[in-house]
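The values are calculated or read from the model by the stated rules, or taken from the named source; none is laboratory data. None of the values given here were measured: they were computed from a predicted structure. FYI the Cβ positions are ideal-geometry reconstructions off the backbone, even for glycines, and counts take in every protein chain you see. Just the protein is used for accessible areas: all its heavy atoms, side chains included, with ligands, DNA and RNA removed. Shrake-Rupley method; radii C 1.70, N 1.55, O 1.52, S 1.80 Å.
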Amino acid sequence: MKILFLLMNSNTKVMKNLNVLYTNIENFFFKQDKQTEFLSFFRVAVGTVILLQFTAVLPDFDKLFSSSSIIPQDIMSVFTPDWLITFSKIVSFLQTFGIEESTTIAITKVSFITLCVFIIIGFYSRIAALLLLILQIALLKGSSFFAYGADFFTSMSLFYLILFPADQHFSMRNFIFGRKPGDSNFTPIKRLFQIHISMAYFFSGLDKALGFNWWNGESIWKAIHLPYSNRDLNIDFSWLTEHSYIVSFIGWSTIIIEMCYPFFIWYKPTQKTWLYLTVSMHIGIALVLNLYYFSAIMIVWNITNFYFEQSDKKT
(Lines give C-alpha, C1' and ligand atoms only; values in the text may rest on other atoms or scores of the structure.)
Protein backbone atom coordinates (compact mmCIF):
# COMPACT_ATOMS: atom_id res chain seq x y z
CA MET A 1 0.00 0.00 0.00
CA LYS A 2 2.82 2.35 0.81
CA ILE A 3 4.44 1.70 -2.57
CA LEU A 4 1.12 2.28 -4.31
CA PHE A 5 0.64 5.54 -2.42
CA LEU A 6 4.12 6.71 -3.42
CA LEU A 7 3.44 5.84 -7.08
CA MET A 8 0.15 7.71 -7.04
CA ASN A 9 1.77 10.69 -5.37
CA SER A 10 4.59 10.63 -7.94
CA ASN A 11 2.09 10.46 -10.82
CA THR A 12 0.18 13.39 -9.34
CA LYS A 13 3.33 15.51 -9.21
CA VAL A 14 4.19 14.56 -12.78
CA MET A 15 0.71 15.51 -13.96
CA LYS A 16 0.91 18.83 -12.12
CA ASN A 17 4.28 19.56 -13.70
CA LEU A 18 2.94 18.67 -17.13
CA ASN A 19 -0.09 20.89 -16.61
CA VAL A 20 2.15 23.77 -15.56
CA LEU A 21 4.36 23.20 -18.60
CA TYR A 22 1.34 23.07 -20.92
CA THR A 23 -0.09 26.24 -19.37
CA ASN A 24 3.23 28.08 -19.80
CA ILE A 25 3.51 27.00 -23.43
CA GLU A 26 -0.09 27.96 -24.11
CA ASN A 27 0.36 31.37 -22.50
CA PHE A 28 3.61 31.91 -24.41
CA PHE A 29 2.01 31.31 -27.80
CA PHE A 30 -1.59 32.34 -27.28
CA LYS A 31 -1.97 34.73 -24.32
CA GLN A 32 -3.25 38.00 -25.74
CA ASP A 33 -0.60 40.71 -25.83
CA LYS A 34 -1.97 44.15 -25.03
CA GLN A 35 1.22 45.81 -26.22
CA THR A 36 0.48 47.17 -29.72
CA GLU A 37 3.22 49.76 -30.32
CA PHE A 38 5.38 47.26 -32.17
CA LEU A 39 2.63 46.79 -34.79
CA SER A 40 2.54 50.46 -35.73
CA PHE A 41 6.33 50.70 -35.64
CA PHE A 42 6.77 47.66 -37.89
CA ARG A 43 4.21 48.89 -40.42
CA VAL A 44 5.60 52.43 -40.66
CA ALA A 45 9.25 51.38 -40.56
CA VAL A 46 8.98 48.62 -43.17
CA GLY A 47 6.88 50.78 -45.50
CA THR A 48 9.37 53.65 -45.19
CA VAL A 49 12.44 51.50 -45.75
CA ILE A 50 10.92 49.81 -48.81
CA LEU A 51 9.85 53.19 -50.21
CA LEU A 52 13.32 54.69 -49.73
CA GLN A 53 14.98 51.68 -51.32
CA PHE A 54 12.64 51.84 -54.32
CA THR A 55 13.17 55.56 -54.83
CA ALA A 56 16.92 54.89 -54.81
CA VAL A 57 16.43 52.31 -57.58
CA LEU A 58 14.13 54.51 -59.70
CA PRO A 59 16.90 56.21 -61.75
CA ASP A 60 18.17 52.77 -62.80
CA PHE A 61 14.80 51.02 -63.08
CA ASP A 62 15.01 50.55 -66.85
CA LYS A 63 18.56 49.19 -66.59
CA LEU A 64 17.43 46.57 -64.10
CA PHE A 65 13.93 45.48 -65.06
CA SER A 66 13.03 46.59 -68.60
CA SER A 67 13.70 44.94 -71.96
CA SER A 68 16.79 47.18 -72.27
CA SER A 69 18.26 45.98 -68.97
CA ILE A 70 21.99 45.49 -68.52
CA ILE A 71 21.52 41.73 -68.51
CA PRO A 72 19.08 40.73 -71.29
CA GLN A 73 15.76 39.34 -70.12
CA ASP A 74 16.30 36.23 -72.27
CA ILE A 75 19.31 35.31 -70.17
CA MET A 76 17.59 35.99 -66.85
CA SER A 77 14.51 34.02 -67.92
CA VAL A 78 16.67 30.88 -68.19
CA PHE A 79 16.97 30.88 -64.39
CA THR A 80 13.27 31.61 -63.80
CA PRO A 81 10.60 28.85 -63.62
CA ASP A 82 7.98 29.04 -66.36
CA TRP A 83 5.11 29.13 -63.86
CA LEU A 84 6.44 32.18 -62.04
CA ILE A 85 4.95 35.57 -62.90
CA THR A 86 7.75 38.04 -63.58
CA PHE A 87 7.75 41.67 -64.62
CA SER A 88 8.88 40.83 -68.16
CA LYS A 89 5.92 38.42 -68.51
CA ILE A 90 3.56 41.13 -67.28
CA VAL A 91 4.98 43.54 -69.85
CA SER A 92 4.61 40.98 -72.66
CA PHE A 93 1.06 40.16 -71.59
CA LEU A 94 -0.03 43.80 -71.55
CA GLN A 95 1.61 44.42 -74.91
CA THR A 96 -0.90 42.01 -76.45
CA PHE A 97 -3.56 44.57 -75.46
CA GLY A 98 -1.62 47.41 -77.06
CA ILE A 99 -0.14 48.75 -73.80
CA GLU A 100 3.44 49.88 -74.37
CA GLU A 101 6.26 48.84 -72.06
CA SER A 102 6.90 52.46 -71.05
CA THR A 103 3.29 52.75 -69.86
CA THR A 104 3.55 49.54 -67.85
CA ILE A 105 6.77 50.75 -66.25
CA ALA A 106 5.17 54.09 -65.32
CA ILE A 107 2.12 52.34 -63.82
CA THR A 108 4.39 49.97 -61.91
CA LYS A 109 6.41 52.83 -60.42
CA VAL A 110 3.30 54.74 -59.34
CA SER A 111 1.66 51.59 -57.97
CA PHE A 112 4.74 50.59 -55.98
CA ILE A 113 5.06 54.02 -54.38
CA THR A 114 1.31 54.28 -53.71
CA LEU A 115 1.20 50.88 -52.01
CA CYS A 116 4.18 51.84 -49.82
CA VAL A 117 2.38 55.02 -48.78
CA PHE A 118 -0.79 53.04 -47.98
CA ILE A 119 1.25 50.76 -45.73
CA ILE A 120 2.94 53.67 -43.97
CA ILE A 121 -0.27 55.56 -43.23
CA GLY A 122 -2.20 52.38 -42.40
CA PHE A 123 -4.82 52.49 -45.12
CA TYR A 124 -5.81 48.85 -45.66
CA SER A 125 -2.19 47.91 -45.13
CA ARG A 126 -2.84 44.16 -45.37
CA ILE A 127 -4.26 44.44 -48.88
CA ALA A 128 -1.54 46.92 -49.83
CA ALA A 129 1.15 44.56 -48.47
CA LEU A 130 -0.30 41.64 -50.45
CA LEU A 131 -0.33 43.59 -53.72
CA LEU A 132 3.12 45.02 -53.04
CA LEU A 133 4.47 41.54 -52.27
CA ILE A 134 3.18 40.24 -55.62
CA LEU A 135 4.72 43.21 -57.43
CA GLN A 136 7.99 42.97 -55.51
CA ILE A 137 8.34 39.24 -56.24
CA ALA A 138 7.57 39.85 -59.92
CA LEU A 139 10.42 42.38 -60.06
CA LEU A 140 12.77 40.35 -57.87
CA LYS A 141 12.35 36.91 -59.44
CA GLY A 142 12.48 38.28 -62.96
CA SER A 143 15.82 39.95 -62.26
CA SER A 144 17.39 37.55 -59.82
CA PHE A 145 20.92 38.56 -60.82
CA PHE A 146 20.33 41.92 -59.18
CA ALA A 147 18.76 40.55 -55.99
CA TYR A 148 20.48 39.91 -52.67
CA GLY A 149 19.57 38.95 -49.12
CA ALA A 150 17.79 42.18 -48.23
CA ASP A 151 15.26 41.64 -51.03
CA PHE A 152 14.23 38.31 -49.53
CA PHE A 153 13.86 39.92 -46.10
CA THR A 154 11.67 42.52 -47.79
CA SER A 155 9.40 39.76 -49.09
CA MET A 156 9.23 38.22 -45.63
CA SER A 157 8.49 41.61 -44.06
CA LEU A 158 5.55 42.12 -46.41
CA PHE A 159 4.36 38.60 -45.60
CA TYR A 160 4.28 39.43 -41.89
CA LEU A 161 2.44 42.67 -42.65
CA ILE A 162 -0.23 40.53 -44.30
CA LEU A 163 -0.49 38.34 -41.20
CA PHE A 164 -0.44 41.16 -38.65
CA PRO A 165 -3.48 43.42 -38.18
CA ALA A 166 -1.02 46.31 -38.40
CA ASP A 167 -3.55 48.96 -39.46
CA GLN A 168 -5.87 48.44 -36.48
CA HIS A 169 -3.81 50.91 -34.45
CA PHE A 170 -2.51 54.39 -35.31
CA SER A 171 -3.87 54.18 -38.85
CA MET A 172 -5.46 56.43 -41.42
CA ARG A 173 -8.16 53.83 -42.01
CA ASN A 174 -9.41 54.19 -38.44
CA PHE A 175 -9.24 57.99 -38.72
CA ILE A 176 -11.21 58.19 -41.97
CA PHE A 177 -13.90 55.67 -41.10
CA GLY A 178 -14.03 56.44 -37.37
CA ARG A 179 -13.17 52.90 -36.37
CA LYS A 180 -11.87 51.90 -32.99
CA PRO A 181 -8.80 49.65 -32.67
CA GLY A 182 -9.68 45.98 -32.96
CA ASP A 183 -9.14 43.37 -30.30
CA SER A 184 -7.26 40.73 -32.28
CA ASN A 185 -4.96 38.18 -30.69
CA PHE A 186 -1.74 38.54 -32.67
CA THR A 187 0.50 36.78 -30.12
CA PRO A 188 0.91 33.56 -32.19
CA ILE A 189 2.14 35.57 -35.18
CA LYS A 190 4.44 37.64 -32.97
CA ARG A 191 5.98 34.49 -31.49
CA LEU A 192 6.41 33.04 -34.98
CA PHE A 193 8.19 36.23 -36.01
CA GLN A 194 10.46 36.13 -32.94
CA ILE A 195 11.34 32.47 -33.45
CA HIS A 196 11.97 33.17 -37.15
CA ILE A 197 14.56 35.88 -36.48
CA SER A 198 16.17 33.81 -33.72
CA MET A 199 16.63 30.84 -36.06
CA ALA A 200 17.91 33.10 -38.85
CA TYR A 201 20.68 34.50 -36.66
CA PHE A 202 21.59 31.14 -35.13
CA PHE A 203 22.06 29.36 -38.45
CA SER A 204 23.83 32.37 -39.94
CA GLY A 205 26.30 32.23 -37.07
CA LEU A 206 26.58 28.46 -37.29
CA ASP A 207 27.41 28.69 -40.99
CA LYS A 208 30.20 31.16 -40.18
CA ALA A 209 31.50 29.02 -37.34
CA LEU A 210 31.84 25.90 -39.49
CA GLY A 211 34.57 27.46 -41.62
CA PHE A 212 37.87 29.07 -40.66
CA ASN A 213 37.53 32.39 -42.54
CA TRP A 214 35.57 34.09 -39.78
CA TRP A 215 37.75 32.77 -36.98
CA ASN A 216 40.97 34.14 -38.45
CA GLY A 217 39.35 37.38 -39.68
CA GLU A 218 39.82 36.66 -43.39
CA SER A 219 36.12 37.20 -44.16
CA ILE A 220 36.14 40.58 -42.38
CA TRP A 221 39.28 41.66 -44.23
CA LYS A 222 37.76 40.70 -47.58
CA ALA A 223 34.44 42.37 -46.77
CA ILE A 224 35.92 45.77 -45.92
CA HIS A 225 37.95 45.71 -49.15
CA LEU A 226 35.11 44.86 -51.52
CA PRO A 227 34.67 47.37 -54.39
CA TYR A 228 31.36 48.69 -53.03
CA SER A 229 32.50 48.85 -49.38
CA ASN A 230 33.77 51.85 -47.45
CA ARG A 231 32.80 54.33 -50.15
CA ASP A 232 31.09 56.90 -47.96
CA LEU A 233 33.40 57.08 -44.94
CA ASN A 234 36.50 56.10 -46.93
CA ILE A 235 38.32 54.82 -43.86
CA ASP A 236 41.94 53.75 -44.22
CA PHE A 237 42.08 50.17 -42.94
CA SER A 238 45.71 49.58 -43.88
CA TRP A 239 46.73 49.86 -40.21
CA LEU A 240 44.88 46.59 -39.56
CA THR A 241 47.71 44.69 -41.27
CA GLU A 242 49.79 45.28 -38.13
CA HIS A 243 46.89 44.50 -35.80
CA SER A 244 45.31 41.42 -37.32
CA TYR A 245 43.96 40.37 -33.92
CA ILE A 246 41.35 43.15 -34.23
CA VAL A 247 40.01 41.63 -37.46
CA SER A 248 39.89 38.21 -35.80
CA PHE A 249 38.11 39.71 -32.80
CA ILE A 250 35.43 41.23 -35.05
CA GLY A 251 34.94 37.85 -36.74
CA TRP A 252 34.65 36.06 -33.42
CA SER A 253 32.26 38.71 -32.10
CA THR A 254 30.01 38.33 -35.13
CA ILE A 255 29.81 34.56 -34.67
CA ILE A 256 29.08 34.87 -30.94
CA ILE A 257 26.42 37.57 -31.39
CA GLU A 258 24.60 35.55 -34.06
CA MET A 259 24.90 32.05 -32.61
CA CYS A 260 24.02 33.13 -29.08
CA TYR A 261 21.16 35.34 -30.23
CA PRO A 262 18.36 32.79 -29.54
CA PHE A 263 19.65 32.23 -26.00
CA PHE A 264 20.42 35.73 -24.76
CA ILE A 265 17.67 37.64 -26.59
CA TRP A 266 14.96 35.56 -24.87
CA TYR A 267 16.59 35.78 -21.44
CA LYS A 268 15.19 38.96 -19.85
CA PRO A 269 18.33 40.07 -17.95
CA THR A 270 20.43 39.99 -21.15
CA GLN A 271 17.71 40.84 -23.70
CA LYS A 272 18.42 44.56 -23.82
CA THR A 273 22.20 44.07 -24.01
CA TRP A 274 21.96 41.54 -26.84
CA LEU A 275 19.52 43.75 -28.73
CA TYR A 276 21.96 46.67 -28.56
CA LEU A 277 24.86 44.45 -29.62
CA THR A 278 22.92 43.17 -32.64
CA VAL A 279 21.73 46.62 -33.69
CA SER A 280 25.29 47.97 -33.29
CA MET A 281 26.58 45.16 -35.51
CA HIS A 282 24.14 46.15 -38.26
CA ILE A 283 25.00 49.84 -37.90
CA GLY A 284 28.65 48.87 -38.45
CA ILE A 285 27.67 46.83 -41.51
CA ALA A 286 25.75 49.81 -42.88
CA LEU A 287 28.55 52.34 -42.36
CA VAL A 288 31.52 50.20 -43.41
CA LEU A 289 30.03 47.89 -46.06
CA ASN A 290 27.46 50.45 -47.31
CA LEU A 291 24.68 47.86 -46.98
CA TYR A 292 22.21 50.42 -45.68
CA TYR A 293 19.05 48.74 -46.88
CA PHE A 294 19.92 45.31 -45.49
CA SER A 295 20.98 46.81 -42.16
CA ALA A 296 17.82 48.92 -41.93
CA ILE A 297 15.55 45.92 -42.50
CA MET A 298 17.39 43.84 -39.88
CA ILE A 299 17.34 46.68 -37.34
CA VAL A 300 13.60 47.05 -37.89
CA TRP A 301 13.14 43.31 -37.34
CA ASN A 302 15.14 43.40 -34.10
CA ILE A 303 13.38 46.44 -32.67
CA THR A 304 9.95 45.14 -33.66
CA ASN A 305 10.46 41.78 -32.01
CA PHE A 306 12.30 42.60 -28.80
CA TYR A 307 12.62 46.32 -28.04
CA PHE A 308 8.96 46.71 -27.12
CA GLU A 309 9.18 43.65 -24.88
CA GLN A 310 11.45 45.78 -22.69
CA SER A 311 9.08 48.75 -22.91
CA ASP A 312 6.14 46.60 -21.90
CA LYS A 313 8.08 45.24 -18.93
CA LYS A 314 8.89 48.75 -17.68
CA THR A 315 5.31 49.89 -17.89
Taking only DSSP H segments of four or more residues, each worth -39500 (n - 2.57), what value at 222 nm results for the chain once the sum is divided by all its residues, to the nearest 500 deg cm²/dmol?
-22500 deg cm²/dmol
Calculated FRET efficiency for the pair L206/T114, C-beta based, R₀ 41 Å, to 0.05
0.50
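Normalised by the residues of the chain, what does the relative contact order come to in percent, with Cα pairs under 8 Å and at least six apart? Before the final figure, lay out each step's value.
Values: 316 pairs, mean separation 62.4, N = 315.
It comes to 20 percent, rounded to a whole number.
Which of the trypsin sites (Lys or Arg not before Pro) found in the stretch 163-213 are in a DSSP loop and have at most 16 neighbouring Cβ atoms, other than their own, within 10 Å? Kindly include the intermediate steps, with their values, before the conclusion.
Working: sites: R173, R179, K190, R191, K208; in loops: R179.
Filter output for the stretch 163-213: R179.
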Are there chymotrypsin sites (Phe, Trp or Tyr not before Pro) in the stretch 204-282 that DSSP marks as loop and that have at most 12 other Cβ atoms within 10 Å, and which are they?
F212, Y228, Y267
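On average, how much accessible surface per residue is there in the stretch 230-274, in Å², for a 1.4 Å probe, leaving out ligands, DNA and RNA?
Working: 2920 Å² over 45 residues.
Averaged over the residues of the stretch 230-274, the accessible area is 65 Å².
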Tilt, helix 101-121 to longest principal axis of the chain (alpha-carbon atoms), in degrees rounded to tens, equals 30 degrees
Just the number please: accessible area per residue for the stretch 1-122, 1.4 Å probe, all protein chains included, in Å².
66 Å²
Evaluate E = 1/(1 + (r/R0)^6) for V20 and S280, where r is the Cβ-Cβ distance and R0 equals 41 Å; express this FRET efficiency to the nearest 0.05.
0.60
Given points 7 Å out from each Cα along the Cα-Cβ axis, report the Q95 to R179 separation in nanometres with one decimal.
4.1 nm
Please list the radius of gyration and Dmax for the chain, considering alpha-carbon atoms only, with Å as the unit.
24.1, 90
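Leaving out ligands and nucleic acids, and using a 1.4 Å probe, what accessible area per residue does the stretch 131-226 come to in Å²?
Values: 4700 Å² over 96 residues.
Roughly 49 Å² per residue, with all protein chains present.
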Length added when fully stretched, N234-I70, from 0.36 nm per residue minus Cα-Cα:
56.2 nm
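Give me the percent of accessible area attributable to carbon and sulfur for the chain, probe 1.4 angstrom. Don't skip to the answer; put the middle values down first.
Working: 12460 of 18020 Å².
Ligands and nucleic acids excluded, carbon and sulfur reach 69 percent.
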Between the modelled labels at S102 and K63 (7 Å from Cα along Cα→Cβ) the distance in nm is 2.0 nm
